[in-house]
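Peer 1: This structure is in structure tokens; I'll ask about it shortly.
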């Protein structure tokens, strides 16, 4: 994902009169959850706008889902408490996995209405089964009202994959998402929300080509997570090799000078 | 009629014509509110929020578009998730004992199984019964019967039911019958089982720790040998 272009797309959704990001190009909807996830991204790229959001549309608001991306497990509303058959939804499984990781839990019992014990490993197993179940490269969601495959679910899966060190899987997922980044026009930089299989495109023409604030923000977050994972690993490996090399050189120099 | 648990926030799609993003959508009685509304392919896509204390039961939907009012009685229902048992078949060992859960109409109210993926499965459903009872299997999501409606049994009875895996598999036992237990057996094909995916080994921290240790040892050895001379 071209982060710069994606951030520019978000900037284009900014409406000064509302002090908020609109849902999508051409729509006059301003949602707190969209603005919350956009604020996570923009706190790095445009903190002035985030200040405006926090004193306006986000005043006193914490999103019960996206707060998890900031490490906030207190306000996060666990999905098994909301929807007993949550394991059918890739995004809910992914978010619950991220919750377990953030809260330092290996697993837990479901609530009384859905009394199934689950672990991080089980949840990753479910996501693995959903990935490519119907269309290679896309993650299924049987509960979707449309037979479409959302980019934001791929991004959540990518974030989960990084938690379990599946770097190449995360890269593969984000590469798929990148194919949906709009290259030109008023929505340039935005990420189309869904993949609609060719045989269904005539059925749901309105789904094609739409980008929105939430999906684009999440794609930026996933790409940044992959970048920082690679950087962190690269630095650790590099420092380790450098430290060993420095020690070896020091010893070699000493040994040579002794001879 | 789709049923939503108290406290849920969910997206629903309302099919129809003539909707616009200025349509006004509400449910009555109070307890279910629309928090987001959009148009996708002429359908209304709304996010509804069910209050924690929303009354259990059915709700009427009203849509106002350009002054025209449309209503749909019993559009959705709200349930108390605390009285439900929803079990994913993939994560529960077979045979599975289904708890009896007395309700106003059924002795096995709101107890159902679901599949994470809509893949077919043969369900061998057994009722332990020592007298007359009326049983059925209902799929509320698709509003269809997978067994029945209203099959009479008079002793222990087993049914083999072909289920396409979509929706819900809810064995129902009508009240005042003689069923004392319900169990269901199934065999998930190996390629549909949920694997346990373990975290992958990441060598980078070990490179760092090993490099620092090795570098320190070599460095110290170098210093010590220097002092020795």
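Peer 1: Would you pick out the residues in the stretch B:199-208 that are facing chain A (nearest Cβ under 7 Å) and assigned to a helix (DSSP H, G or I)?
Peer 2: B:204, B:205, B:207, B:208
Peer 1: Given the options A:58, A:92, A:127, name the one that is part of a helix (DSSP H, G or I) and under 22 Å from residue B:51 (Cα atoms).
Peer 2: A:92
Peer 1: Could you say which residue among B:214, B:119 is within 8 Å of chain A (Cβ to nearest Cβ), outside any strand (DSSP E or B) and either in contact with a helix residue (DSSP H, G or I) (Cβ under 9 Å, 6 or more places away or on another chain) or in contact (Cβ under 8 Å) with a residue 24 or more places away in the chain (or both)?
Peer 2: Working: B:119 fails: within 8 Å of chain A (Cβ to nearest Cβ).
Result: B:214 is the single residue among B:214, B:119 that is within 8 Å of chain A (Cβ to nearest Cβ), outside any strand (DSSP E or B) and either in contact with a helix residue (DSSP H, G or I) (Cβ under 9 Å, 6 or more places away or on another chain) or in contact (Cβ under 8 Å) with a residue 24 or more places away in the chain (or both).
Peer 1: Continuing with the same structure: Taking the stretch A:180-196 only, how many residues are touching a residue at least 60 places away in the same chain (Cβ under 8 Å) and farther than 15 Å from residue A:27 by Cβ? Can you show your working first?
Peer 2: First pass over the stretch A:180-196, keeping only residues touching a residue at least 60 places away in the same chain (Cβ under 8 Å): A:181-182, A:186-191, A:195.
Remaining after also requiring farther than 15 Å from residue A:27 by Cβ: A:181-182, A:188-189, A:191, A:195.
Total satisfying the criteria: 6.
Peer 1: Have a look at A:117, A:146, A:97 and point out the one that is within 12 Å of chain B (Cβ to nearest Cβ) and modelled with pLDDT of 95 or more. Don't jump to the end; show me each part of the working.
Peer 2: Details: A:117 fails: modelled with pLDDT of 95 or more; A:146 fails: modelled with pLDDT of 95 or more.
The match here is A:97.
The values are calculated or read from the model by the stated rules, or taken from the named source; none is laboratory data. Source: prediction; values computed, not measured. FYI the Cβ positions are ideal-geometry reconstructions off the backbone, even for glycines, and counts take in every protein chain you see.
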